[in-house]
Amino acid sequence: MNYYGKREGVLASTNGIAFEIYVVGCEGYCKGCHSPHLWDKNQGVLMDEEFYNSLISYMKEKEWQFDNIVLLGGEPLDNPKKKILEFVEKMKIFNKPLWLYTHFELNEIDEDIKQSFDYIKTGKYNENLRNDNYISRGVGLISTNQKINKRGEDY
Ligand code: SF4
């Protein structure tokens, strides 16, 4: 799995202040995609041990500045499952809610992946269903087929 970048202090993607981690690669090819520059998985930085050591030490310094950690892309789940689970293991050190943004639906996601995240945003971007006022669980999403799902309630 390759890292593209991070965004800090984000208010729009969760129910608090988010630390967002973007990975590359996506085979969703949604019409009207807002981030086609992330489709190519042969870019970015390999998320190996050295990478995680550096990221985690950076996040430790900022820990008081975020409530939630979000994994998004691209499409995180187009990466090998063990890489997603490795990410989850590494982030456990922060003991904060983990969010996953994916275009897949709940019934398309493996149970162990689902149970590893506290919240999962599901659904492909559908420009025909675009609604700039649409909100799911307090989070503004782009198209009305998308949803924020909560572990223990939706899966
Ligand atoms: S899942 Fe996201 S990144 Fe992938 S094509 Fe759809 S909108 Fe673009």
Open item on the list: Every residue in the range 97-121 that is of a type in the set (Val, Ile, Thr) and not in a helix (DSSP H, G or I), please.
Closed with: Thr102, Ile109, Ile120
- [ ] Please indicate, with yes or no, whether at least one residue in the range 81-96 is within 16 Å of the ligand (Cβ to nearest atom) and not in a strand (DSSP E or B).
- [x] yes
- [ ] Output yes when any residue across the range 1-8 is of a type in the set (A, V, I, L, M), within 19 Å of Lys81 (Cα to Cα) and open to solvent by 10 Å² or more (accessible area, probe 1.4 Å), and no when none is.
- [x] yes
Task: Test for Leu55: is it more than 16 Å from the ligand (Cβ to nearest atom), open to solvent by 80 Å² or more (accessible area, probe 1.4 Å) and not acidic (Asp, Glu) - done: no
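Every residue, every condition in (1) in contact with a Ser or Thr (Cβ under 6 Å, 6 or more places away or on another chain); (2) among the charged types (D, E, K, R); (3) closer than 18 Å to Asp118 by Cα, yes or no:
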{"site": "Gly5", "(1), (2), (3)": "no, no, no"}
{"site": "Glu20", "(1), (2), (3)": "no, yes, yes"}
{"site": "Cys30", "(1), (2), (3)": "no, no, no"}
{"site": "Glu50", "(1), (2), (3)": "no, yes, no"}
{"site": "Asn53", "(1), (2), (3)": "no, no, no"}
{"site": "Gly74", "(1), (2), (3)": "no, no, no"}
{"site": "Phe87", "(1), (2), (3)": "no, no, yes"}
{"site": "Met91", "(1), (2), (3)": "no, no, yes"}
{"site": "Tyr101", "(1), (2), (3)": "no, no, yes"}
Task: Failed item in (1) of a type outside the set (A, V, I, L, M, F, W, C); (2) in contact (Cβ under 8 Å) with a residue 24 or more places away in the chain; (3) under 14 Å from Pro76 (Cα atoms), with Tyr52 passing the rest - done: (3)
TODO: Tell me which residues, restricted to the range 63-80, are part of a helix (DSSP H, G or I) and under 15 Å from the mean Cα position of the chain (by Cα).
DONE: Pro76, Leu77, Asp78
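The values are calculated or read from the model by the stated rules, or taken from the named source; none is laboratory data. The model shown is predicted, which means the values in this text are computed figures rather than measured ones. When we count neighbours, we look across all protein chains shown, and the Cβ atoms used for this are built from the backbone with ideal geometry, even at glycine. Side chains are part of the model used for accessible areas, which takes the heavy atoms of the whole protein and leaves out ligands, DNA and RNA. Shrake-Rupley method; radii C 1.70, N 1.55, O 1.52, S 1.80 Å.
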